[in-house]
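One structure is given below, encoded as structure tokens.
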Amino acid sequence: MTDHVTTHQAQEDARNDAILIYLNGEILPKAQAVVSVYDSGFMLGDGVWEGLRLYDGAWAFLDEHIDRLFEAAKAIDLDIGMDRAAVIRALLDTQAANGMLSDAHARLMVTRGVKQRPFQHPSLSRSGPTFTIIMEHSRPSLPRPIRLATVPHLRGLPMTQDPKLNSHSKLNCILACIAAEKAGADEALMLDVHGFVNTTNACNFFIVRKGQVWTSTGDYCMNGITRQKVIDLCRSHDIPVFERNFSLVDAYGADEAFLTGTFGAQTPVQSIDGRQIGTGDMGPVTQRLRALYKALVQGVSA
């Protein structure tokens, strides 16, 4: 594809060549912020992460994001080695060091640390955890709505790898994204184990049918903070919203479809499996929710 786009597409920003990165208590130039090849995150994907977005001097929904980071760490029995206040202080120190005021994205990553030997047992991680914050100047730049393709890769059962977990082990989603790209799409639409429409490889998924907003039950998708904010906005502004099972037939016949995520907020969908959704552009319900979400973020930042 000559016009492939991604849900995390951003404007080029030369300032990112000189960003400073937080690594284990130090704030370092990008070239010096390196981890060991024995690090459990590099070796095994053994870690958790969180993404945050900076609007007008404030990190949107900071408490919810920090809650989710600590909950994920507890789920994999990983001691971050810092309390909430220290994590927030590291975030703010990194922001200050980079002189960032708005339109920035931060990724907080915590792994089980450096392993003694290159094998999976957690007891071999003798030095750690490894905690880093990558912060970039980042303004979304999407030239057109996203094209989706359904893929065979599923959002699985919680006893395999719980889809609610923001873990470093993203191979299932990466393979889904590759399959979608080879099908001529931008991103993958993934089904759950029962064959219902669930989420994309990187974002939560919504459709609009006859003025109603539908999303999955939430049983097999990432517990997205932006997803929940959209549901809450629908409920508080009398927009009918349903967390329910629905099929590809329902999705193909939708009037609108959009994705939600920390980076892109609400991203319109152009087509699914070559079938145009609505007009192929951002629909009126998506536009309204975008405006409501922007007002919500501005209210939090004020």
Can you list the strands (runs of 3 or more DSSP E) found entirely within segment 38-152 that contain at least 1 residues being within 19 Å of the chain's Cα centre (by Cα) and of a type outside the set (Ser, Thr, Tyr)?
47-55, 104-111, 130-137, 146-150
Looking at (1) surrounded by fewer than 24 Cβ atoms within 10 Å (Cβ to Cβ); (2) in the same structural domain as Gly57 (by TED's automatic domain parsing); (3) in contact (Cβ under 8 Å) with a residue 40 or more places away in the chain, can you tell me which one Glu181 breaks?
(2)
Identify the residue in segment 249-262 that is in contact with a strand residue (DSSP E or B) (Cβ under 6 Å, 6 or more places away or on another chain) and either among the aromatic types (Phe, Trp, Tyr) or not in a loop (DSSP other than H, G, I, E, B) (or both) and, among all such residues, is surrounded by the fewest Cβ atoms within 10 Å (Cβ to Cβ).
Tyr252
Under 7 Å between Cβ atoms, which residue pairs at least 6 apart in sequence (or on different chains) link something in segment 94-106 that is assigned by TED's automatic domain parsing to the domain that holds Tyr22 with a partner that is part of a helix (DSSP H, G or I) and surrounded by 17 or more Cβ atoms within 10 Å (Cβ to Cβ)?
Ala106/Leu91
If you check Ala90 against the conditions, is it surrounded by 14 or more Cβ atoms within 10 Å (Cβ to Cβ), out of contact with any Leu (no Cβ under 7 Å at 6 or more places or on another chain) and touching a residue at least 12 places away in the same chain (Cβ under 8 Å)?
yes
Out of the residues in segment 107-126 that are among the small types (Gly, Ala, Ser) and in contact (Cβ under 8 Å) with a residue 24 or more places away in the chain, state the one that is farthest from His137 (Cα to Cα).
Ser125
Looking at Asp232, Asp250, Asp192, Asp238, which one is at pLDDT 95 or above, acidic (Asp, Glu) and touching a Lys or Arg at 6+ places or on another chain (Cβ under 6 Å)?
Asp192
In segment 187-241, what residues are over 17 Å from Arg290 (Cβ atoms), among the β-branched types (Val, Ile, Thr) and buried (at least 21 other Cβ atoms within 10 Å of the Cβ)?
Val197, Thr199, Thr200
Please find, among Ala58, Ala31, Ala72, the residue that is aliphatic (A, V, I, L, M) and either buried (at least 18 other Cβ atoms within 10 Å of the Cβ) or in contact with an Asp or Glu (Cβ under 8 Å, 6 or more places away or on another chain) (or both).
Ala72
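The values are calculated or read from the model by the stated rules, or taken from the named source; none is laboratory data. Not measured: the values here are computed from a predicted model. Virtual Cβ from ideal backbone geometry, glycine too; neighbours counted across all protein chains shown.
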